[in-house]
1. Roughly how much of Glu83 is accessible, in Å² to the nearest 10, using a 1.4 Å probe?
2. How much net charge surrounds Pro74 when only the other residues with a Cβ under 9 Å from the Cβ of Pro74 are counted, with Lys and Arg +1 and Asp and Glu -1?
3. So with the 1.4 Å probe, I'd like the accessible area per residue for the chain, rounded to whole Å².
4. Just how many pairs of Lys in the chain have C-alpha atoms closer than 20 Å, counting pairs that are eight or more places apart or on different chains?
5. Ignoring ligands, DNA and RNA, how do Lys167, Lys135, Lys142, Lys93 rank by accessible area with a 1.4 Å probe, largest first?
6. Equivalent ellipsoid semi-axes for the range 17-113, as square roots of 5 times the alpha carbon gyration tensor eigenvalues: give them largest first, rounded to whole Å.
7. Multiply the residue separation of Gln158 and Asn28 by 0.36 nm, subtract the distance between their alpha-carbon atoms, and state the gained length in nm to one decimal.
8. On a 1.4 Å probe surface of the protein chains, which of Thr100, Thr117 comes out largest in accessible area, and what is the full order?
Amino acid sequence: MSRRQRILDLRNRAPAILPSMLLCDYGNLASEVARLEAADVPALHLDVMDGHFVPNMTYGLPLVEAFRALTDMPLDVHLMIEEPGKWVERYYKAGSDCITIHAEAVDDPAPVLEQITQLGAAAGLAINPDTPVAKIEPSLDKCDLVLAMSVQPGFGGQKFNPIALDKIREIRALCGESVLIEIDGGINASTIQASAEAGAELFDAGSAVFSGDDYSERVEALVAEAALPL
Ligand code: DX5
Ligand code: ZN
């Protein structure tokens with residue numbers, strides 16, 4: 001199965017909780033991944049930050065390769081970097097299944113999204129809370145996935161911004177089922193329900209997963225909340 005298809009199939013796992021590895025224990029990556037596999041998460045969310053596009057630095061290619069070596073789970077790679085077009089091929093070779101670039105990092109996302117598709121990964125486009133959907137509308141037909149940020153990108157543990165919910169509704173109205181919709185930032189037991197109701201299918205969760213010891217229990221609680229009617 002193609003890498004792109006592995007990501008598209010996540011729709012069948014909705015509500016899919018993707019742990020944001022930004023907040024994992026980097027000293028014990030193998031056991032962190034094993035515990036998340038045991039918790040039956042459908043994919044891992046990897047936050048790549050360059051210290052320029054966002055005011056924080058995390059990790060790059062070597063850690064994506066390390067996660068690839070540790071698991072067969074799909075890797076959802078969120079590039080918070082400038083000039084992502086220069087990097088997507090290397091992130092593909094490192095093992096990414098989905099490569100998401102930021103609308104704010106490029107003049108025109110379409111050529112980079114096409115490049116990602118040609119490589120064979122799912123093409124994702126992220127928008128910040130203060131970026132209007134109109135900015136990405138011309139590129140939506142090149143997207144497999146749209147990532148609505150519900151915090152300003154850069155750090156875990158921030159407060160959820162409900163502006164993302166309106167964006168998700170707008171994107172769904174424009175695209176129907178032709179894109180997967182992912183939400184990232186401040187997802188927890190109190191915010192996941194409204195996000196699911198707005199139309200999000202994939203939920204990136206950092207603190208809500210990693211602040212407890214029992215990852216299965218954390219993930220199951222989020223799934224249960226997401227499924228409840230508002
Ligand atoms: C923020 C990252 C998120 C974040 C999620 O720039 O993209 O993935 O770490 O962490 P929480 O769930 O704690 O907001
Ligand atoms: Zn992220």
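The values are calculated or read from the model by the stated rules, or taken from the named source; none is laboratory data. None of these values were measured; they are calculated from a predicted model. Note: ideal-geometry Cβ built from the backbone for every residue, glycine included; neighbour counts use all protein chains shown. Heavy atoms of the whole protein, side chains included, go into the accessibility calculation; ligands, DNA and RNA do not. Shrake-Rupley method; radii C 1.70, N 1.55, O 1.52, S 1.80 Å.
1. Probe radius 1.4 Å; accessible area of Glu83 about 100 Å².
2. -2
3. The answer is 41 Å² per residue.
4. The result is 4.
5. From most accessible down to least: Lys93, Lys135, Lys142, Lys167.
6. 24, 14, 11
7. Extending this stretch completely gives an extra 44.4 nm.
8. Putting Thr100, Thr117 in descending order of accessible area: Thr117, Thr100.
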